[in-house]
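Some notes on the structure that comes next.
The values are calculated or read from the model by the stated rules, or taken from the named source; none is laboratory data. All values derive from a computational prediction rather than experimental measurement. Every residue, glycine among them, receives a Cβ derived from its backbone with ideal geometry; neighbour counts consider all protein chains shown. Ligands, DNA and RNA are stripped out before the accessible areas are found, and what is left, the full protein with its side chains, is counted by its heavy atoms. Shrake-Rupley method; radii C 1.70, N 1.55, O 1.52, S 1.80 Å.
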Amino acid sequence: MVSKLNLNPELIDSARSAARNIAEDVQNFIDKNTTVAVERTVARLMGVDGVDEVEKPLPNVLIDAIKEGGGLSTGAAFWIGNAMVNTGNSPQEIAEKVSAGQIEITKLPIAHEDKIMEAVYKTAQEMVEKIKNNRARRDEYLNTIGEGRKPYLYVIVATGNIYEDVLQAQAAAKQGADIIAVIRTTGQSLLDYVPYGPTTEGFGGTYATQENFKIMRKALDQVGEEVGRYIRLCNYCSGLCMPEIAAMGAIERLDVMLNDALYGILFRDINMQRTFVDQYFSRIINGFAGVIINTGEDNYLTTSDAYEEAHTVLASQFINEQFALKAGLPEEQMGLGHAFEMNPNLENGFLYELAQAQMAREIFPKAPLKYMPPTKFMTGNIFKGHLQDAMFNLISIWTNQGLQLLGMPTEAIHTPHLQDRMLSIENAQYIFNNARSIGDEVEYKKDGIIQKRAQEVLAKAEELLKDIEKEGIFDTIEKGKFGGVKRSFTGGKGLEGVVEKDKKYFNPFIDLMLGGAK
Amino acid sequence: MKSVQKVDLTKIKPYGDTLNDGMVQMSFTLPVPYGDEASEAARQLAAKMGFDEPAVVYSKDLGVGYTYFVMYGKCSHTVDYTSIEVPKVSMEFMEREEVEEYIAENIKRDVVIVGACTGTDAHTVGIDAIMNMKGFDGHFGLERYKGIDAINMGSQVSNEELIAKAIESKADAILVSQVVTQKDVHVANLTELVEMIEAEALRDKLILVCGGPRISHDLAQELGYDAGFGSGSYANHVASFVVKQIVEKNLI
């Protein structure tokens, strides 16, 4: 592809290679460690589900028991497999017995390694097949009823009540939405467990539970068949339960997941060691399940200035790309994030936004970029807000973005009302249709404002990545170079859930899922 | 030519293109299927709201048996503008440099301000706009002010944590931000903070300020705060209020 921005390919290669080294450095750390969330995910993928009498999820009960018995560094698969060989029970029955105090999972006699492996892999393979089938089912839908054109229209529902969410989601799909994201209740990212069952109360969103996933999946399949378009379901695979939510999403055929360790570190104060390890496994699962991940670079711009800090977004996109590749997640599933967040009073701001979006498009040509709407400078003037969203939509169609999170005229007032979504979808559809091929028709002036801006941002991003390469990402975050937020290596939430693996450690799902279906 | 009619401030009503035409534009959704009956329902509802000649100028099927309307109507009510009183933070706001000078001259020590977005609200945009170095829209935040020690605790801070931090840092003022709220939880949250501060016998020793898009000065005072700042407030507004209150309440 010829660069419309006259970007220097050597600079792109150099930035990418620095990002690769940064990711590799972290990967060495990741490979040595596991976490309670990773092990709970292994338990879930082996079929453990449900809660005990005080609503504590059985995966937590089981992993806590292994941790207390000093066995976490060997991994849940080993202990579950060993218990299966010893008792002949299923993982679920074992979890129930552990919960009832009938067995001490780390005190059972240690069976022969081959027997343990055989039991574990047989069970693991069943789940892997199930997830593969889900992927095939999605492909079948896409091949039969089809899908909306890119950029996909992505809207949010956030009533707190999954059944109310269903109504709003179905309405949005009928109005033209392609992706429905069920926003999580405030604070769920900080829970070190995943709540259970259907839920009808939440603040600013709805709990992510496996049952809620199932309810919404069914509703969207139904409405998708009705409107003749596959409707994608999105949730949030971030916070302290990253890989568990990825597993639940894979089991219930979610299509899109927010998935970004840096976001959790910076904006939810989650410990960086914990969340990088969690992210790796979650991305393996997302990659295998055909889930498009969304990264959270757009959020830096809500705390930093979008014009001045634009290069940090690009730098983070490079890093996220490398982390995703390490986890075997293909470029076609990388919804790298960015946003239309420059101050609307900035002269030629539209040109700078256009430069940024075009630049991301050229540097990550296969990635379905996730483009986020203006939020920071939305004022309550719904009429002006509607125009700001229109400018954002114009850039999206011009630069061929992948996932268009629609801005709402009522942003900064309330969670979207039913008609707000309709107005936003209408706005996007009008502009996408009316300017469909603008990107193929219009080129940018050589050394003009747009080209120069993109070249400058790329140069600064490359410089930043080389700095990070020298310092390592952990130190960089400690110094507050992303989003202007400082976080310490040992601070934040969840560090107590990280443990170094011992020699016997194994996780069958990394083996079975890394790099896609074999 | 007819002279332009003079406004009667004791009986004001909306202005469209002629004085006292009462014209109002509005939009809403009704949970009924799109069609003539839906439009008639919207028209009747607007009439009940006090609109003469209600007219549906646009309606749209929202896809789940619900219909959206854009309407006009002539408001039949009036309000006496001359009798209106709105409590406000009534003071001359100073610019950053002036606040800094004011502190140096009148307080002669660092002013400690602790801020947080409390409860389950995870939106730091409000408190960041006021407190962070960078500020918002070209107005620097309190961290940039000489003579102010600004402590931004971020979001999802409990009222207990906020008070503990205020005691530990010997704060002169507490700023509470509430941005996104559901079912008016912000009111309960703000009320709880005041009650807890009173229980600690700290109310007289602290300037208590809240802010957010749903906050008015009126509501803030009703809840027991010294001031409330709504949308469009900047760090220098809050800083002006806090430093003057410190002097006024003799908390130097």
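Tell me yes or no: at least one residue of region A:458-468 is of a type outside the set (Gly, Ala, Ser), open to solvent by 40 Å² or more (accessible area, probe 1.4 Å), in a loop (DSSP other than H, G, I, E, B) and free of Cβ contacts under 8 Å to residues at least 40 places away in the same chain.
Taking every residue of region A:458-468 in turn, none turns out to be of a type outside the set (Gly, Ala, Ser), open to solvent by 40 Å² or more (accessible area, probe 1.4 Å), in a loop (DSSP other than H, G, I, E, B) and free of Cβ contacts under 8 Å to residues at least 40 places away in the same chain.
How many residues does region A:65-92 contain that are open to solvent by 30 Å² or more (accessible area, probe 1.4 Å), assigned to a helix (DSSP H, G or I) and closer than 12 Å to A:ALA43 by Cα?
So the count comes out to 1.
I need the full set of residues from region B:218-236 which are in a helix (DSSP H, G or I), open to solvent by less than 50 Å² (accessible area, probe 1.4 Å) and more than 15 Å from B:VAL111 (Cβ to Cβ), in order please.
Passing the criteria: B:LEU219, B:ALA220.
Within region A:392-432, how many residues are over 25 Å from B:HIS123 (Cα atoms) and away from chain B (no Cβ under 14 Å)?
12
Is region A:363-386 home to any residue that is assigned to a helix (DSSP H, G or I), open to solvent by less than 20 Å² (accessible area, probe 1.4 Å) and touching a strand residue (DSSP E or B) at 6+ places or on another chain (Cβ under 9 Å)?
no
Taking region A:167-183 only, how many residues are buried (at least 24 other Cβ atoms within 10 Å of the Cβ) and either of a type in the set (D, E, K, R) or outside any helix (DSSP H, G or I) (or both)?
Qualifying residue count for the region: 6.
Listed residues A:GLU96, A:GLU164; which is open to solvent by 50 Å² or more (accessible area, probe 1.4 Å) and modelled with pLDDT under 95?
A:GLU164 is the lone residue from the list that is open to solvent by 50 Å² or more (accessible area, probe 1.4 Å) and modelled with pLDDT under 95.
If A:GLN404 meets every condition in (1) part of a helix (DSSP H, G or I); (2) under 21 Å from A:GLY349 (Cα atoms) apart from one, which number is that one?
Result: A:GLN404 fails condition (1) only.
Looking only at region B:193-209, count how many residues are open to solvent by 60 Å² or more (accessible area, probe 1.4 Å) and either of a type in the set (Gly, Ala, Ser) or within 28 Å of B:LYS146 (Cα to Cα) (or both).
Matching residues across region B:193-209 total 4.
Is it the case that some residue within region B:137-154 is facing chain A (nearest Cβ under 9 Å) and in contact with a Lys or Arg (Cβ under 9 Å, 6 or more places away or on another chain)?
So far as region B:137-154 goes, no, none of its residues is facing chain A (nearest Cβ under 9 Å) and in contact with a Lys or Arg (Cβ under 9 Å, 6 or more places away or on another chain).
Check whether at least one residue in region B:210-217 is open to solvent by 20 Å² or more (accessible area, probe 1.4 Å), among the hydrophobic types (A, V, I, L, M, F, W, C) and under 16 Å from B:ILE130 (Cβ atoms), and report yes or no.
No, that holds for no residue.
Any residue at all in region A:436-445 that is buried (at least 17 other Cβ atoms within 10 Å of the Cβ) and part of a loop (DSSP other than H, G, I, E, B)?
Within region A:436-445 (the criterion being buried (at least 17 other Cβ atoms within 10 Å of the Cβ) and part of a loop (DSSP other than H, G, I, E, B)), the answer is yes, since at least one residue qualifies.
Filter region A:265-296 down to the residues that are modelled with pLDDT under 90 and in a helix (DSSP H, G or I), then identify the one that is farthest from the other protein chains (Cβ to nearest Cβ).
A:LEU266
Among the listed residues B:THR10, B:THR29, identify the single one that is surrounded by 17 or more Cβ atoms within 10 Å (Cβ to Cβ) and assigned by TED's automatic domain parsing to the domain that holds B:CYS75.
None of the other options fit; the residue is B:THR29.
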